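Colleague: Let me begin by handing over the structure; questions about it come next.
The values are calculated or read from the model by the stated rules, or taken from the named source; none is laboratory data. In this text, all values refer to a predicted model and were calculated from it rather than measured experimentally. Cβ: placed from backbone, ideal geometry, glycine included. Neighbour counts: every protein chain shown.
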Amino acid sequence: MIALAGDLAVLTAAGGAAWLAVAGFRAARPGAPEAQLRTPVALLAGGAVAAFLILELGILSHDFTLQYVADHSSRSTPLVFLLAGAWAALEGSIVLWGLVLAGFTWVVARKVRRGDGLGAGALAVLGVVALFWFGMMATVANPFRVCTEVAGGVCQASSWFPLVAATAPLDGLGPNPLLQNNILMAIHPPMLYLGFVGFTVPFAFAISALARGEQGRTWLERTHRWSLLAWTFLTLGVLLGAWWSYAVLGWGGYWAWDPVENAAFIPWLVATAFIHSAAVQRRRGVLQAWNLVLLISTFALTILGTFLTRSGTILSVHSFTQSGIGPALLGFLVLVLLASFGLFAWRADLIGSAPRLESLASREGAFLLNNLLLAVFAFTILVGTLYPILTEALSGDVVSVGRPFFDRITLPIALVLLLAIGVGSIAPYRVARASVVWARIRTPLRLALVAGAAAVLVGVRSVPVVIVVVLSSFVIGVAVRRFWEQTRAVRRSGVTAGRAMTRVLGGDAGYWGGQIAHIGVALVALAIATSTGLATRAEVRLAEGDTAVVGGYCVEYLGSTTRTEPQRTVTETRVRLMRDDCRQEIAVMAPSVNEYRRPPAVASPAIHTGILEDTFLSLVGGSTGEIVLGVYIFPLQWLLWVGGLIAVGGGAFAYLGKRRSHTRDGSRQREPSRA
Amino acid sequence: MRDVVRRSLGWIIPLAALVVIVVGLLPGTGVADPATRVQQVASGIRCPFCSGESLADSTSDVARDLRDIIAEQVADGMSNAEIEDYFAARYGDQILLDPSRRGWGLALWLIPVAAVAVGVVAIARRRRKREPS
């Protein structure tokens, strides 16, 4: 019964999406008659919400006649992971994606008034995307397939037909062990999807403007806050993914250049480039064509990312799911690219006529450099990720592209990017005279050199790390100095320091949100440099009572216990962490191994975070009485999470600040010009 | 007088800092310790029986055994390239995660460089085309 209800909900949403696509398209034509778009949007949103709730209901009520429920949850799964089970595998994650898309469509529709052709067109594009998504849900990725054959306690065959004679295993398999080991895995995918799907909205407005032949930046102004919101969530999603990888996977790192990580990171880079170039177009009217390219690319890359990660095309640790969904996604990707760039070429005469840059030595020029770097960054990672498939398809040669390549090729790009952030963010618009720029970077540059020298004096001997220390300090110094200078200027008019600060920050929330994000990025760069460049990694073999000294610490194996929980068996070891004299105790840590009903066993590392460094213990192996312990020391690791959260905070600040300036007196506040 | 002192300090301090950095990093090309080298080499070799992880990242038994082999080879004084060749000969070229030394891999390294060149040329040409107007 639940399968029938679920299928009906999916079909309702798909029907609403199709209706919206047609009605929106008709209403978007110039001089079109009034169209009713509220009903199809309501159908789409209602169907999406119902489909999601019905799936959750099936999981929570342990209805194992649904194959998805039988495969990805069990009676012993804790409540949090049951709820998260709705997006723990392919079909469910598509339901969540559809829900977010339908929700965003509903929010967009509330702002679309009668006679708003641009908005109607955007709703039509959102309808097309939603139609594809719910179409997949109804066919190749149906989460409501009914189990028809059980063997060995596992559902072996299923049918799409909801009224077929159903059977069910006694208990489900439970989620993939990697996914039920940490709460972060319940939050990371929704954040990522909010980011991915969020960029569909500006994309839809851009396509609508192109198709209607609308010149100007109306579409950009209307979707500016959507872009900020999407970027903020995407950043948070990537950050949480890295955090999960660090806290759960136990290999002693947070980023492996795995195709799935790249699939989220590449759109992030392109989206970041878009946020910057959109700022230039909004203020100076240039880079119009480039903005469209970036936005179309961002959208296409999210589809490509989904294709890469969900079709099993690239073998990777993240390939939890594989199915015949690949051709559908690939087809949609090709369709999006052909349609978007076809439209782009057709309207080329409208796009090309932007005013030119006055000088490359200006804020605009710095944005252009930033865009070039981010685009090359994204392109390089994309090529590196696809290269094994390409060479195998073209020549049959199998080539592996992994961490050494990505680490080495991204280092120079990242360093130049840091420098560009520092100089670019304070360069005046139009024409930047060298003397003005020099006055703004002089002091931060000196402080940055002092910071680099300090790093050398405390014993850092790695060249890239010292360079990153200098550049990160420079970026932070430039932002802080600019803030201080402007606050001082405001204070001259006789207000208190606190009032002056809020006035500066609130006066241009977009700019200061950006600077906060820059500070976050600089801290992340610093943490990446120290935690990889200065890390200590060792493996020690310990019998009970043994001690070993690693990188300034002493570890002692105290013993291990095994306990059985409903859904898993936990083997927990106790290891005492001490100073290298093996006397002064710092902490007792408990790295463990969890075995679930289905393999693989998951090692849970134990992490001790100190002010200077993380001590990361992971059980690598062992037998009775003896363990092999991975001991990793990552300097300034915590700074990575703090920096990432600051970057997210910067995005949120820009987003919220924009709302204030929109609503205070009903019209957009004029931002103080900053040249 | 105070102004002169302040102004010269403004130069002396960053210059001194620069000297510290350069001098401090010059001998930085010393020999890495064995554990670091094992880590270096292992992170460049794919774990042959795992999915998509390097020998340094994988927690599997196979990876641990192979890391032990690398440690022995490092102790025997083999160079990083020699160790990589050893693994490439046994498991095929695709076990190397860093495709820098052979045909297809070389092309991969050139692509980003070409992308930068194309971008710079595109920006330069756009500007020149508009200059006369």
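Colleague: Among the residues of the range A:225-243, are any under 30 Å from A:GLY630 (Cα atoms), at pLDDT 90 or above, of a type in the set (Phe, Trp, Tyr) and assigned to a helix (DSSP H, G or I)?
Modeller: Yes; the residues of the range A:225-243 include at least one that is under 30 Å from A:GLY630 (Cα atoms), at pLDDT 90 or above, of a type in the set (Phe, Trp, Tyr) and assigned to a helix (DSSP H, G or I).
Colleague: May I pose another question? Of all the helices (runs of 4 or more DSSP H) wholly in the range A:404-509, which have at least 3 residues that are more than 27 Å from A:PHE653 (Cβ to Cβ) and more than 10 Å from chain B (Cβ to nearest Cβ)?
Modeller: A:434-457
Colleague: Also, quick follow-up: Residues of the range A:383-403 being in a helix (DSSP H, G or I), surrounded by fewer than 20 Cβ atoms within 10 Å (Cβ to Cβ) and not acidic (Asp, Glu), which ones?
Modeller: A:VAL383, A:LEU386, A:ILE389, A:LEU390, A:ALA393, A:LEU394, A:SER395
Colleague: Under 8 Å between Cβ atoms, at least 6 apart or on separate chains: pull out the pairs that start in the range A:473-484 with a residue that is closer than 11 Å to A:LEU447 by Cβ and end on any residue that is among the aliphatic types (A, V, I, L, M) and not in a helix (DSSP H, G or I).
Modeller: From residues that are closer than 11 Å to A:LEU447 by Cβ, the pairs are A:VAL478/A:ILE426.
Colleague: Go through the range A:113-128 and give me each residue that's hydrophobic (A, V, I, L, M, F, W, C) and surrounded by fewer than 21 Cβ atoms within 10 Å (Cβ to Cβ).
Modeller: A:LEU118
Colleague: Further, regarding this structure: Could you tell me which residue of the range A:526-546 is farthest from A:ARG403 (Cα to Cα), considering only residues that are touching a residue at least 40 places away in the same chain (Cβ under 8 Å) and among the charged types (D, E, K, R)?
Modeller: The selected residue is A:GLU544.
Colleague: Could you tell me which numbered condition A:ARG461 fails, if it satisfies all but one of (1) closer than 18 Å to A:ALA420 by Cα; (2) touching a Leu at 6+ places or on another chain (Cβ under 7 Å)?
Modeller: Unmet for A:ARG461, out of (1) closer than 18 Å to A:ALA420 by Cα; (2) touching a Leu at 6+ places or on another chain (Cβ under 7 Å): (1).
Colleague: Let me ask another. Six or more apart or on different chains, Cβ under 6 Å: which pairs go from a residue in the range A:71-85 that's of a type in the set (Phe, Trp, Tyr) to one that's part of a helix (DSSP H, G or I)? Could you list them?
Modeller: Close Cβ pairs (under 6 Å, with a partner that is part of a helix (DSSP H, G or I)) amount to A:PHE81/A:GLN180.
Colleague: Still on this structure, I have one more. Among the polar types (S, T, N, Q) and in contact with a Pro (Cβ under 6 Å, 6 or more places away or on another chain) - does that describe any residue in the range A:281-299?
Modeller: Checked against the condition, which is being among the polar types (S, T, N, Q) and in contact with a Pro (Cβ under 6 Å, 6 or more places away or on another chain), the range A:281-299 yields at least one hit.
Colleague: Now, a different point. Just to verify a result, which residue in the range A:84-112, among those that are more than 21 Å from the chain's Cα centre (by Cα) and in a helix (DSSP H, G or I), is surrounded by the fewest Cβ atoms within 10 Å (Cβ to Cβ)?
Modeller: The qualifying residue surrounded by the fewest Cβ atoms within 10 Å (Cβ to Cβ) is A:ARG110.
Colleague: Also, quick follow-up: Looking at the range A:152-165, which of its residues are closer than 28 Å to A:PRO599 by Cβ, out of contact with any Lys or Arg (no Cβ under 8 Å at 6 or more places or on another chain) and surrounded by 14 or more Cβ atoms within 10 Å (Cβ to Cβ)?
Modeller: A:VAL154, A:CYS155
Quick grid of which residues meet (1) away from chain B (no Cβ under 14 Å); (2) surrounded by fewer than 21 Cβ atoms within 10 Å (Cβ to Cβ); (3) charged (D, E, K, R):
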residue	(1), (2), (3)
A:LEU249	no, no, no
A:GLY252	no, no, no
A:ASP258	no, no, yes
A:ASN262	no, no, no
A:LEU269	no, no, no
A:ALA278	yes, no, no
A:ARG283	yes, yes, yes
A:ALA289	no, yes, no
A:LEU292	yes, no, no
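Colleague: A further question follows. Select from the range A:598-630 the residues that are facing chain B (nearest Cβ under 10 Å) and assigned to a strand (DSSP E or B) and list them in ascending order.
Modeller: A:VAL602, A:ALA603, A:SER618, A:LEU619, A:VAL620, A:GLY621, A:VAL628, A:GLY630
Colleague: While we're here: Return the residue satisfying two criteria in turn: it lies in the range B:40-56 and is buried (at least 22 other Cβ atoms within 10 Å of the Cβ) and without any contact (Cβ under 8 Å) to a residue 24 or more places away in the chain, and of such residues it is nearest to the chain's Cα centre (by Cα).
Modeller: In this case the residue turns out to be B:ALA56.
Colleague: If A:THR380 meets every condition in (1) modelled with pLDDT of 90 or more; (2) more than 7 Å from chain B (Cβ to nearest Cβ); (3) surrounded by 23 or more Cβ atoms within 10 Å (Cβ to Cβ) apart from one, which number is that one?
Modeller: Failed condition: (2).
Colleague: Scan the range A:17-34 for residues that are of a type in the set (Gly, Ala, Ser) and closer than 12 Å to A:GLY127 by Cβ and jot them down.
Modeller: Once the filter is applied, which keeps residues that are of a type in the set (Gly, Ala, Ser) and closer than 12 Å to A:GLY127 by Cβ, the range A:17-34 yields A:ALA17, A:ALA18, A:ALA21, A:ALA23, A:GLY24, A:ALA27, A:ALA28.
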